[in-house]
1. Going through region 234-258 one residue at a time, which ones are surrounded by fewer than 17 Cβ atoms within 10 Å (Cβ to Cβ) and charged (D, E, K, R)?
2. Of the conditions (1) at pLDDT below 95; (2) among the polar types (S, T, N, Q); (3) buried (at least 19 other Cβ atoms within 10 Å of the Cβ), residue 147 clears all except one; give me its number.
3. From the residues in region 212-233 that are in contact (Cβ under 8 Å) with a residue 24 or more places away in the chain and exposed (fewer than 15 other Cβ atoms within 10 Å of the Cβ), which one is farthest from residue 38 (Cα to Cα)?
4. In region 214-237, what count of residues is obtained for those that are closer than 22 Å to residue 100 by Cα and at pLDDT 95 or above?
5. Which ranges mark the strands (runs of 3 or more DSSP E) fully within region 125-211 that have 3 or more residues being in contact (Cβ under 8 Å) with a residue 40 or more places away in the chain, touching a helix residue (DSSP H, G or I) at 6+ places or on another chain (Cβ under 9 Å) and not assigned by TED's automatic domain parsing to the domain that holds residue 99?
6. When only residues in region 44-53 that are buried (at least 24 other Cβ atoms within 10 Å of the Cβ) and among the hydrophobic types (A, V, I, L, M, F, W, C) count, which is farthest from residue 85 (Cα to Cα)?
7. Being surrounded by fewer than 15 Cβ atoms within 10 Å (Cβ to Cβ), of a type in the set (Phe, Trp, Tyr) and modelled with pLDDT of 95 or more narrows it down to one residue among 114, 167, 171, 126; which is it?
8. Just to be sure before I move on: is residue 100 of a type in the set (Phe, Trp, Tyr), closer than 22 Å to residue 204 by Cβ and surrounded by fewer than 20 Cβ atoms within 10 Å (Cβ to Cβ) in the structure I sent?
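The values are calculated or read from the model by the stated rules, or taken from the named source; none is laboratory data. Note that this is a predicted model, so its numbers are computed, not measured. Cβ sites come from the backbone with ideal geometry, for glycine too, and all protein chains shown count toward neighbours.
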Amino acid sequence: MLTNNKIINLISKLGVFVLAVGLITGCSQQENQKSADLVYVNWAEGIAYTNLAKVVLEDKMGYEVEITSADVGPAYTAIAQGDADAFMETWLPVLHRNYYNQFQDDIVDLGPVYEGTQSGLVVPEYVPVDSINQLNDYVDQFDREITGIDAGAGIMQTTDSLITDVYNLDYELITSSGPAMTSALQRAIEDEDWIVVTGWKPHWKFGRFDLKFLQQDEDKVVWETGNIHIMGRQNLAQEKPQLAEFLSNMHLTDAELADLMVAINQSDEDNEAVARQWMQENQDVIEEWIPADAQQAEM
């Protein structure tokens, strides 16, 4: 039979055990909140500011961050299913309209990271073609090809529609990748060959080469200006409020993003190292992104 003293000791030990479990659980929850899984597309601007987000979260906010490159479709699927915290590159209102309409009930818009995007078909300045409706007059010079990027990209979908449905172009859209497209562009410019590519701003190629967007007919407008948004998974703000606030605060001007992209493109160091250097040189920019309570003591 338990005496009063034994009962008191048992209750005390049970209390200590419950407290210990609570502390462990609390620390585990905090550790979970101090992690971030970010998905981006292998495009110049996404590479640049996603690596920047990683180093800021790690160096300034104590997070463990994993960044993963993926095609657009799988990236949306990852956050819609809760397998990642955020997709860093949603182009609205045009390029990713179909993806956004498909997944909008399962994701949360955290706001624009960049404003003033432009998309379309791009040629070097020395090419004497100024509008899309002129392309069929020069099919031989362009080898009947438009050099594109990865197949799932929104710009590829709109370009395919432009070729077949809008302008009836006698061209084939060539699937490649962002880096492969810029490599083909560079080779063509070095030889002063004719080339037309799928292009967009922001991108470092506009700071490095003399390029121009081909004009659209007023009654055949396919691309519009827009913004790049960060999309989060459902419940991100409830489960990781600091991360959600940081991503909502994150914003780069055209000049800032261009500077970061050129730095990464021209450096022999890895992207994270260049992003960290840029962060150190632009403390006034990144300090505005960090939530006020981000410096709380860690467990």
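1. Hits for region 234-258 are 239, 254.
2. Unmet for residue 147, out of (1) at pLDDT below 95; (2) among the polar types (S, T, N, Q); (3) buried (at least 19 other Cβ atoms within 10 Å of the Cβ): (1).
3. Initially, region 212-233 is screened for residues in contact (Cβ under 8 Å) with a residue 24 or more places away in the chain, giving 212-217, 220, 222-233.
Right, trim to exposed (fewer than 15 other Cβ atoms within 10 Å of the Cβ) and you get 215, 217, 220, 224-225.
Details: 215: 35, 217: 38, 220: 36, 224: 27, 225: 25 Å.
Restricting to residues being in contact (Cβ under 8 Å) with a residue 24 or more places away in the chain and exposed (fewer than 15 other Cβ atoms within 10 Å of the Cβ), the top hit is 217.
4. Applying the first criterion (closer than 22 Å to residue 100 by Cα) to region 214-237 yields 221-237.
Of the ones still in play, those that are also at pLDDT 95 or above are 227-237.
Selection size over region 214-237: 11.
5. Where strands (runs of 3 or more DSSP E) fall fully within region 125-211 and carry at least 3 residues being in contact (Cβ under 8 Å) with a residue 40 or more places away in the chain, touching a helix residue (DSSP H, G or I) at 6+ places or on another chain (Cβ under 9 Å) and not assigned by TED's automatic domain parsing to the domain that holds residue 99, they are 197-201.
6. Taking the candidates together, the pick is 48.
7. Residue meeting the stated conditions: 126.
8. In short, no.
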